[in-house]
Amino acid sequence: MNTARRKVFIKTYGCQMNVYDSARMADVLAREGYEPVEGPDGADLIVLNTCNIREKAAEKVYSEVGRIRHLKEAARREGRRVEIAVAGCVAQAEGEEIIRRAPAVDVVVGPQSYHRLGETLARARQGGAAVETEFDETKFERLPAPPKSAAPSAFLTVQEGCDKFCTFCVVPYTRGGEFSRPAAKIVAEAKRLLSSGVREIMLLGQNVNAYHGKGPDGRDWSLARLILELAELPELARIRYTTSHPRDMSDDLIAAHGACEKLMPYLHLPVQSGSDRILAAMNRRHGREAYFSIIDRLRQARPDLALSGDFIVGFPGEEEEDFAATLDLVERVGYASAYSFKYSPRPGTPAASREQVAESVKAERLARLQALIGEQQKRFNAATVGLTMDVLLERPGRRAGQLVGRSPFLQAVNVDAPGRQIGEIVPVVVEGLGSNSLFARLAGAAGERLTA
Ligand code: SAH
Ligand code: SF4
Ligand code: F3S
């Protein structure tokens with residue numbers, strides 16, 4: 001191979017953990033002499049970092065490989081080699097099958113083995129094994145130095161994998177068992193992010209509130225303990241975490257929402273269904289009353305907490321009365337935003353072989369649920385008009401002088417902020433609503449503060 005800087009394009013699907021992994025793969029590949037580019041044209045290596053959560057997400061991989069295969073063939077005619085790597089959760093789930101089904105793919109690496117991407121590519125060039133899907137808990141130790149971030153808000157993976165085995169979900173199979181990084185490594189990574197200008201850190205894990213990493217005192221630290229430690233870092237202004245499971249919403253974490261100013265008043269706490277019968281069939285191991293009780297306690301600790309969630313409609317066995325219980329739960333909780341999906345049978349998961357709900361029923365229920373969630377989201381956003389709140393400015397807006405940032409409640413806010421810089425946290429007065437965002441101006445000296 002020539003020694004000039006080779007170019008890599010990484011395309012990311014799926015959740016925030018994949019976004020984090022893509023950045024780390026870029027670090028690994030930088031060590032191999034690759035520089036990142038923004039699109040597939042002209043790239044020497046194209047990495048698809050895939051998601052397997054629903055069938056549609058998984059199938060995208062094959063259509064995408066179909067498209068880039070033409071680039072690869074065109075390059076070959078010019079005497080240039082383009083390599084294709086499939087990484088992420090589809091890579092883990094399907095392994096060699098991917099190369100069988102899509103022979104244009106050169107290598108396959110799972111989410112726990114991408115630190116070996118360079119070696120795997122080299123081996124494949126020699127005609128060796130091109131599939132690397134071993135679960136390797138030493139991954140984080142083997143990655144290059146912790147990343148820097150160009151943006152003021154950064155992701156930091158603290159926990160990976162899941163032992164919960166909800167009967168619809170592929171994550172325990174694609175990401176492996178639950179694993180927590182040692183607290184000292186996380187703090188070191190946070191400090192490095194802060195040194196590059198980061199103001200907000202989103203702690204990530206498939207089951208982030210199950211975090212129980214080794215602390216520097218030799219004891220296991222909870223997520224709450226870790227958050228309180230990070231909150232001591234003076235340059236860090238905001239802390240968030242996602243995604244949580246209701247069963248791991250421990251008392252100390254609930255208390256942290258009241259005690260820690262830097263912990264933002266927004267929580268994504270998926271419940272999936274409002275029906276106890278369906279929750280049991282999903283193996284969620286909690287009922288609706290337990291969820292209400294957690295929400296009550298959270299709101300006692302932090303009255304302005306905004307809530308978000310995930311819902312699945314049309315899970316096997318879901319009757320109209322189960323779905324009505326989901327609508328009722330949504331009414332009672334009142335979400336600031338929420339995601340909802342039609343149940344998608346995933347190969348190898350227990351619910352996939354159960355009797356399925358008709359597609360038309362799923363579609364109709366999803367429409368009803370999304371209408372309700374949409375109304376709640378509008379109501380939540382409308383209630384913030386006229387209020388003063390802090391916004392972390394994150395990127396340029398459409399108009400000159402406009403910057404876009406996030407409110408404490410994770411709302412996107414377009415701020416008329418001439419002379420202000422990305423990375424600043426500024427008080428703004430919310431003046432109006434867009435379809436998915438707010439419009440605001442810089443606040444004067446006085447103003448009602450929403451978050452005390
Ligand atoms: N770890 C998180 C969720 C990870 S997956 C948790 O425990 O809540 C993100 C969301 O995708 C889930 O919350 C669920 O709502 C949805 N999802 C997962 N598997 C699905 C499937 N087979 N069909 C439809 N939606 C699914
Ligand atoms: Fe999937 Fe979340 Fe359930 Fe784990 S807890 S199996 S990641 S839905
Ligand atoms: Fe998808 Fe894997 Fe994340 S399946 S949602 S990319 S953990």
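The values are calculated or read from the model by the stated rules, or taken from the named source; none is laboratory data. Predicted, not measured: the structure shown is a model, and the values here were computed from it. We place every Cβ from the backbone using ideal geometry, glycine too, and count neighbours over all the protein chains shown. Ligands, DNA and RNA are stripped out before the accessible areas are found, and what is left, the full protein with its side chains, is counted by its heavy atoms. Shrake-Rupley method; radii C 1.70, N 1.55, O 1.52, S 1.80 Å.
Structural remarks
One line per residue, one yes/no per condition, for (1) touching a residue at least 40 places away in the same chain (Cβ under 8 Å); (2) away from ligand 3 (no atom under 16 Å from the Cβ):
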| site | (1), (2) |
| --- | --- |
| Thr167 | yes, no |
| Pro172 | no, no |
| Arg175 | yes, no |
| Glu200 | yes, yes |
| Gly205 | yes, no |
| His212 | no, yes |
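- The stretch 295-322, residues that are polar (S, T, N, Q) and farther than 23 Å from Gln206 by Cα: Gln300
- Scanning the stretch 48-96 for residues being within 16 Å of ligand 2 (Cβ to nearest atom) and among the small types (Gly, Ala, Ser) gives a total of 4.
- Within the stretch 396-417, residues that are closer than 10 Å to Ala440 by Cβ have Cβ atoms under 7 Å from residues that are aromatic (Phe, Trp, Tyr) in these pairs: Asn414/Phe439, counting only partners at least 6 apart in sequence or on another chain.
- The set of residues in the stretch 333-361 that are closer than 12 Å to Ile373 by Cα and surrounded by fewer than 16 Cβ atoms within 10 Å (Cβ to Cβ) comprises Gly334, Tyr339.
- Considering (1) within 16 Å of ligand 3 (Cβ to nearest atom); (2) within 22 Å of the chain's Cα centre (by Cα); (3) touching a residue at least 40 places away in the same chain (Cβ under 8 Å), the lone condition that Leu307 does not fulfil carries the number (1).
- Considering the stretch 112-154, the residues that are of a type in the set (Phe, Trp, Tyr) and farther than 16 Å from Ala188 by Cβ include one that is most open to solvent (accessible area, probe 1.4 Å), namely Phe135.
- Boolean, Ala75 is open to solvent by less than 60 Å² (accessible area, probe 1.4 Å), outside the structural domain of Thr243 (by TED's automatic domain parsing) and under 27 Å from the mean Cα position of the chain (by Cα): no
- Verdict on Phe341 being within 16 Å of ligand 3 (Cβ to nearest atom) and outside any loop (DSSP other than H, G, I, E, B): yes
- Selection from the stretch 68-113 of residues that are without any contact (Cβ under 8 Å) to a residue 24 or more places away in the chain and closer than 18 Å to Tyr34 by Cβ: Ala75
- Hits in the stretch 132-150 - residues which are charged (D, E, K, R) and either within 16 Å of ligand 1 (Cβ to nearest atom) or not in a helix (DSSP H, G or I) (or both): Glu132, Glu134, Asp136, Glu137, Lys148
- Scanning the stretch 280-304 for residues that are of a type in the set (Val, Ile, Thr) and touching a residue at least 40 places away in the same chain (Cβ under 8 Å) turns up just one, Ile294.
- Residue pairs meeting the criteria (Cβ under 6 Å; at least 6 apart or on separate chains; first within 24 Å of Ser435 (Cβ to Cβ), in the stretch 356-378; second assigned to a loop (DSSP other than H, G, I, E, B) and hydroxyl-bearing (Ser, Thr, Tyr)): Gln376/Tyr335
- Count - residues of the stretch 271-294 that are surrounded by 20 or more Cβ atoms within 10 Å (Cβ to Cβ) and in a loop (DSSP other than H, G, I, E, B): 6
- Out of Phe323, Phe292, sole residue that is out of contact with any Ser or Thr (no Cβ under 8 Å at 6 or more places or on another chain) and of a type in the set (Phe, Trp, Tyr): Phe292
- Set Asp248, Asp304: member being outside the structural domain of Pro216 (by TED's automatic domain parsing) and modelled with pLDDT of 95 or more: Asp304
- Filtered residue count, the stretch 155-171, keeping only those that are of a type outside the set (S, T, N, Q), closer than 25 Å to Gly215 by Cα and buried (at least 17 other Cβ atoms within 10 Å of the Cβ): 7
- Residues within the stretch 418-434 that are free of Cβ contacts under 8 Å to residues at least 40 places away in the same chain and under 26 Å from Ser196 (Cβ atoms), tallied: 7
- Selected residue (criterion: farthest from the chain's Cα centre (by Cα)) from residues of the stretch 180-203 that are of a type in the set (A, V, I, L, M, F, W, C) and buried (at least 22 other Cβ atoms within 10 Å of the Cβ): Ala183
- Index of the failed condition, Leu410 passing every other in (1) of a type in the set (A, V, I, L, M); (2) open to solvent by less than 20 Å² (accessible area, probe 1.4 Å); (3) assigned by TED's automatic domain parsing to the domain that holds Leu433: (2)
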